[in-house]
1. Scan region 222-241 residue by residue and report those that are under 12 Å from Asp263 (Cα atoms) and of a type outside the set (A, V, I, L, M).
2. With the condition kept exactly as written, say whether any residue in region 317-328 is surrounded by 19 or more Cβ atoms within 10 Å (Cβ to Cβ), farther than 15 Å from His270 by Cα and in contact (Cβ under 8 Å) with a residue 40 or more places away in the chain.
3. Pull out all pairs, ordered by first then second residue, where Cβ-Cβ is under 8 Å, the residues are six or more apart or on different chains, the first lies in region 107-125 and is farther than 27 Å from Thr496 by Cα and touching a residue at least 60 places away in the same chain (Cβ under 8 Å), and the second is outside any helix (DSSP H, G or I) and of a type in the set (Phe, Trp, Tyr).
4. Given Trp294, Trp277, which one is out of contact with any Gly (no Cβ under 8 Å at 6 or more places or on another chain), surrounded by fewer than 16 Cβ atoms within 10 Å (Cβ to Cβ), over 26 Å from Asp331 (Cβ atoms) and not aliphatic (A, V, I, L, M)?
5. Within region 387-417, can you find the residues that are over 17 Å from Ala96 (Cβ atoms) and either crowded, with 24+ Cβ neighbours inside 10 Å or modelled with pLDDT under 95 (or both)?
6. Looking at this structure, is Val88 closer than 25 Å to Met209 by Cα and surrounded by 24 or more Cβ atoms within 10 Å (Cβ to Cβ)?
7. Of the conditions (1) of a type outside the set (A, V, I, L, M, F, W, C); (2) over 29 Å from Tyr130 (Cα atoms); (3) out of contact with any Lys or Arg (no Cβ under 9 Å at 6 or more places or on another chain), Arg178 clears all except one; give me its number.
8. Could you say whether any residue in region 110-122 is assigned to a strand (DSSP E or B), at negative phi and in the same structural domain as Gly389 (by TED's automatic domain parsing)?
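The values are calculated or read from the model by the stated rules, or taken from the named source; none is laboratory data. On a predicted model such as this, the values are computed, not experimentally measured, just so you know. Heads up, the Cβs are rebuilt from the backbone with ideal geometry, glycines too, and the neighbour counts pull from every protein chain shown.
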Amino acid sequence: MTKNILLATTFIVGVAVASSAFAQDYDLVINGGRVMDPETMFDDIANVGIKDGRIVAISKQPLNGAEAIDATGHVVAPGFIDTHYHAVDIFATKMALRDGVTTGMDLELGSFDVKGWYDQKTETGWQVNYGTVSGMNFARMAIHDSEVNIDYPLDYSIATPLLNEANKDGVAGWSVTRSSLDQMNQIMHIMDEDMRQGALGVGVGAAYMARGMTSYELFSAQRVAANYDRLTSVHTRYHLIQDTPTEAPIAFDEIFTNAMLLDAPLLMAHNNDYGWWEIEEKLQLARDKGLNMWSEYYPYAAGSTPVSADFLRPEEWKVKYGYRYEDTLYDPVDDVYLTDETYADLMKTNPGRAMVVFFPYREEWMPYWLTTPHMTIASDAMAGIGDDGELLPWDADWSEYRGHPRTSGTRGATFRMGREQGVPLMFTIAQASYWVAKHLGDTGLKSMQDRGRLQVGKVADITIFDPATITDNSGFKVGQHGIPSTGIPFVVVNGTVVVKDSKVLDVKAGQEIRFPIENKGRFEEIEVNRWLNEHTIGLNPDLATIDVHDESGAGALLHGED
């Protein structure tokens, strides 16, 4: 408590200095709002002055600017940051803006050809800040599914046709085929090139490759990211499973061990299933030891995934788990629950179609997620498709969206639930923005060191909301999937108003979230002889007298050391 008071006092002194040091010629001012900053714990009625995309003043004195927002009765908070954002298309991004998002990054599935992906976004412009990781699932598809032509930037928004193509021969190689050593090196080279081009890390959808990706391939993928001191975000191998010896937390132990030994950042993608409590306890212990590790959740008792997801196979979903498609697997495009017959038909005709999957047992856990430190809000937002399965145009009506309501309502739902359960507002804001920015910033990502805070000198990504009325409105019936959250009348991205009076403006103020491009890659191919030289004493008879008490052992002799 004393530390928080000191931080807030220091912040107020900084505010006073800043407000007197700048002339009153701001591009944008936000007056009369309750300014809240989780890092400093500042919480007071104040006016915010913005110039050239940054916050240059926070003052008790009235401020004037070229544009003004009256925030009376509203919270002025750091813009909400989403790290599990498959909504990399224009309509889904429009929905996310109404939910308060200022930065959307797909750190789970990511992209193929990261350079091309950033080039496209820069050329077209984007409404929110954007970033991506190197997608291991896509890299495996490029190597294991030769019938699929991947020679262009790829992300979730355009992945469905390729998922269908990869499955046409009855074998989704990227999902179920084990890599040879040569294939594994090819996959790692693809991801290393993405890292060289500024990818935020590596994304691994392990649950979708549980039968094909070996543990050593996963370790190698995490090492590709660790070579650059960047994160790996993982949707773990045994996601959903409660049965020993394949229960979900064991899959976390796999990625945790790798990250700890590699001294690398780790993001546990949507930790909202069985064993989440064990995983959160371990993450807290890891942070106590100085490790940069955290997790995500979204406030729904239903998920969304392609119908071809490996864990939805009848022998898994029906036989192992005991579920029926008729009760748990909803097609938001056709507005029906699947049967055995319609599941089999979609697997043949459209295996990439996204389903909504219900998990009623999550209901009792959701209140606890709202109160877990460093468990951050990430929507797992899906693409903005219509009833024909195609991406919607920017100006489509909200009712045309077919998909999981989390795309349009995650933040509205979380803040509503937090209000109903008495969760401190500052805590929820930290889950929505600050903790995300802090962990990403601690990887060395400068653009995140300047976001997730409401402070002088920081980037002006700001979400303004009414704490008494902010709520979700979307639901699981057709026509309701995309209804926007309300109580978030203004969203500011890099100092530009993008949502005004709850209307999304047709402006593209987003900036890339990216590491600097490097001159050369860092991956070294895995070679059997080199591995043996580094990790065994080999079969050289000259080493027969090696001192078994010398920990340098073979390493010293094999590297020519005295």
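1. Result: Gln222, Arg223, Asn227, Tyr228, Asp229, Arg230, Thr232.
2. no
3. If the second residue must be outside any helix (DSSP H, G or I) and of a type in the set (Phe, Trp, Tyr), the pairs left are Asp113/Tyr152.
4. Selected residue: Trp277, the only one of Trp294, Trp277 that is out of contact with any Gly (no Cβ under 8 Å at 6 or more places or on another chain), surrounded by fewer than 16 Cβ atoms within 10 Å (Cβ to Cβ), over 26 Å from Asp331 (Cβ atoms) and not aliphatic (A, V, I, L, M).
5. Those that are over 17 Å from Ala96 (Cβ atoms) and either crowded, with 24+ Cβ neighbours inside 10 Å or modelled with pLDDT under 95 (or both): Asp387, Asp388, Gly389, Glu390.
6. Here the answer is yes, as Val88 does meet what is asked.
7. For Arg178, the failing item is (3).
8. Among the residues of region 110-122, at least one is assigned to a strand (DSSP E or B), at negative phi and in the same structural domain as Gly389 (by TED's automatic domain parsing), which makes the answer yes.
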